[in-house]
Amino acid sequence: RHFYPQSLFEDDTPLLPITPDSGYYSTTAIADYAIKYLQEHVEKYPDKPFFEYVAFICPHFPLQAPEEDIAKYKHRFQKGWDVLRAERLERMKRLGIVNCELSTRTPGVPAWDTLSKTERKMWESRMEVHAAMVDRMDVEIGRVIAQLKRMGAYENTLILFMSDNGASAEKVLRGDGNDPNAEPGSAKSFLCLEPGWANLSNAPLKRSKIFVHEGGISTPLIAHWTKGIAVKGEFRRNPSHLIDLMPTLLEVAGGKKPETW
């Protein structure tokens, strides 16, 4: 539940119950706490380095986002997953990100032009919400970076941004289930991208999360560190893995790997 989680803790202390009309949204709340902890660091440990892990739940299902964010993407996905996948590939080629062909459509996903008008509208609404979730995450990351700048730490902070896996193609119901009369993306809805849109989100790669094809295991990593990384906007194509992060951070911080656990 992005709007009213029922099991939320800070330092093992349960937070007060959150109701659907409380104005809570997970992505904004996570950024609020990230900023709060950075402020506390400045007050209590101004001469010490810090490590902050900011794990947004978005854009994981359920597809839920503030109305004003969803409104930005109305009708943005009318072309459907087939045309948009091809367009994304061409854009990435122009940017020099990839040099490959488009993978085949995920088995079981119908061609977009075979869907009825009602079906298309239903699917469009899901991708509008998903885009809104990514948009909101972008805004909140900006707020965290603004805090780094206020505390004079931005230039000398190594920022690593990545996803944990490819887009999710699951179709599941959890939480309170999905109210079929609820507006898509609202607190009472529980919708997923499912294979069609996951196929777009992972374009041009094959498959999606839970599969070991590249669409499930390959994600980009953005590294930013003004004082520590001399080059700007450079692509590194060598493969790496999540387990590479800890030794990298230890080296940057001048730390040592623990001998015992």
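The values are calculated or read from the model by the stated rules, or taken from the named source; none is laboratory data. Computed from a predicted structure; not experimentally measured. Ideal geometry is used to build each Cβ from the backbone, glycine not excepted, and the neighbour counts take in all protein chains shown. The protein model used for the area step is the full one, side chains on, heavy atoms only, and it has no ligands, DNA or RNA in it. Shrake-Rupley method; radii C 1.70, N 1.55, O 1.52, S 1.80 Å.
Looking only at residues in the stretch 76-104 that are within 23 Å of L221 (Cα to Cα) and among the β-branched types (V, I, T), which one is surrounded by the most Cβ atoms within 10 Å (Cβ to Cβ)?
V98
Is it the case that L38 is over 22 Å from P184 (Cβ atoms), touching an Asp or Glu at 6+ places or on another chain (Cβ under 8 Å) and either touching a residue at least 60 places away in the same chain (Cβ under 8 Å) or of a type in the set (F, W, Y) (or both)?
Taking the combined requirement at face value, the residue satisfies it.
Looking only at the stretch 75-105, count how many residues are on the phi > 0 side of the Ramachandran plot and modelled with pLDDT of 95 or more.
2
How many residues does the stretch 195-234 hold that are closer than 20 Å to V134 by Cα and open to solvent by 20 Å² or more (accessible area, probe 1.4 Å)?
Total meeting the criteria: 12.
For residues that are in contact (Cβ under 8 Å) with a residue 40 or more places away in the chain and not basic (K, R), scanning just the stretch 133-147, find the one that is most open to solvent (accessible area, probe 1.4 Å).
My answer is V134.
So which pairs qualify, if the first residue must be in the stretch 237-257 and surrounded by 11 or more Cβ atoms within 10 Å (Cβ to Cβ), the second must be assigned to a helix (DSSP H, G or I) and aliphatic (A, V, I, L, M), the Cβ gap must be under 9 Å, and the two must be at least 6 apart or on different chains?
From residues that are surrounded by 11 or more Cβ atoms within 10 Å (Cβ to Cβ), the pairs are G255/L249.
For the stretch 148-182, give me each residue that is acidic (D, E) and free of Cβ contacts under 8 Å to residues at least 24 places away in the same chain.
Of everything in the stretch 148-182, just one residue is acidic (D, E) and free of Cβ contacts under 8 Å to residues at least 24 places away in the same chain, namely D179.
State yes or no: is E10 at pLDDT below 95, open to solvent by less than 70 Å² (accessible area, probe 1.4 Å), within 30 Å of G255 (Cβ to Cβ) and among the charged types (D, E, K, R)?
Against the criterion (at pLDDT below 95, open to solvent by less than 70 Å² (accessible area, probe 1.4 Å), within 30 Å of G255 (Cβ to Cβ) and among the charged types (D, E, K, R)), E10 qualifies.
Give me the residue from the stretch 105-132 that is in a loop (DSSP other than H, G, I, E, B) and surrounded by fewer than 10 Cβ atoms within 10 Å (Cβ to Cβ) and, out of that set, farthest from the chain's Cα centre (by Cα).
Residue satisfying both the conditions and the ranking: S116.
Among (1) in contact (Cβ under 8 Å) with a residue 40 or more places away in the chain; (2) open to solvent by 30 Å² or more (accessible area, probe 1.4 Å); (3) within 19 Å of E183 (Cβ to Cβ), which single condition is C58 missing?
Answer for C58: the failing condition is (2).
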